[in-house]
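Report on the structure given below.
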C-alpha cells in the first residue's frame, strides 16, 4: 500500500509539470516549458536545437500521457498523475528516465552555450527556473546535480536525478 505521505509528496511535484497552473498537465504545458527554455537561451524555435527540444517535449508528453491519462482526454489530472504515472513508475524509475531522456537531452543541448556536451551548473540552474523550480532553489539544485564536482551537468547526471525526483518521495 502506498502511504498518504508518499502520495502527498509526489502530488506536490505535479505543479512542476502543470506550467500554466490550470489543474492538469497537457501538451501545452510541455510546449510552454520549451518556449521558456528557448527564450531564456535565445535559441530559435526553427533551429536544430529548437526542433530537437520540441521533439523531445512531444515524446515526453506522449510517454506521460500513455502511462497516466487513464480517461484518454489528453489531460493528466493530479489524481491521474499520482495514481497513474507515479505509482507505475516508482518501482521502475529507469522507465521514467527513458521517457524523459529525449527532452532532457535536448534541454541540456539548448543550455550548453559553449558546445562541450554539458551545461554549466549556472546554465542548469537557468533550465530549472524555466521548468518551474523557484529561483532560490534552482541554483542549489543544479549544483547538487554536479555529482563529480566539475562545474558541469551532463545527461548522465540529470536523467537519473530527474527520475528519482518524480518517483522517490524523499
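Being within 24 Å of residue 39 (Cβ to Cβ) and surrounded by fewer than 19 Cβ atoms within 10 Å (Cβ to Cβ) is true for just one of 148, 114. Which residue is that? Answer to the check: 114.
It is to be established whether one or more residues within the range 59-82 are modelled with pLDDT of 90 or more, assigned to a strand (DSSP E or B), at negative phi and in contact with a helix residue (DSSP H, G or I) (Cβ under 7 Å, 6 or more places away or on another chain). Yes - at least one qualifying residue is present in the range 59-82. Condition test on residue 60, is it closer than 23 Å to residue 8 by Cα and within 15 Å of the chain's Cα centre (by Cα)? Spelling it out, it is not the case that residue 60 is closer than 23 Å to residue 8 by Cα and within 15 Å of the chain's Cα centre (by Cα). Where helices (runs of 4 or more DSSP H) fall entirely within the range 114-170, those with at least 3 residues that are modelled with pLDDT under 90 and under 14 Å from residue 104 (Cβ atoms) are at 155-167.
Checking 24, 31 one by one, the residue that is within 13 Å of the chain's Cα centre (by Cα), touching a residue at least 12 places away in the same chain (Cβ under 8 Å) and surrounded by 14 or more Cβ atoms within 10 Å (Cβ to Cβ) is 31 and no other.
Within the range 11-43, being at positive phi and touching a helix residue (DSSP H, G or I) at 6+ places or on another chain (Cβ under 8 Å) holds for 21, 23. Filtered by the rule that a residue be at pLDDT below 80 and farther than 14 Å from residue 164 by Cβ, the range 84-107 gives 84, 85, 87, 88. When the range 10-39 is filtered for residues that are modelled with pLDDT under 90 and assigned to a helix (DSSP H, G or I), the ones remaining, listed by number, are 10, 11, 12, 13, 14, 15, 16, 17.
Listed here are the residues, each with its yes/no results for (1) in contact with a strand residue (DSSP E or B) (Cβ under 8 Å, 6 or more places away or on another chain); (2) touching a residue at least 60 places away in the same chain (Cβ under 8 Å).
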| position | (1), (2) |
| --- | --- |
| 116 | yes, no |
| 119 | yes, no |
| 133 | no, yes |
| 140 | no, no |
| 155 | no, no |
| 166 | no, yes |
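The values are calculated or read from the model by the stated rules, or taken from the named source; none is laboratory data. Predicted, not measured: the structure shown is a model, and the values here were computed from it. Reconstructed Cβ throughout: ideal geometry from the backbone, glycine too, with neighbour counts over all protein chains shown.
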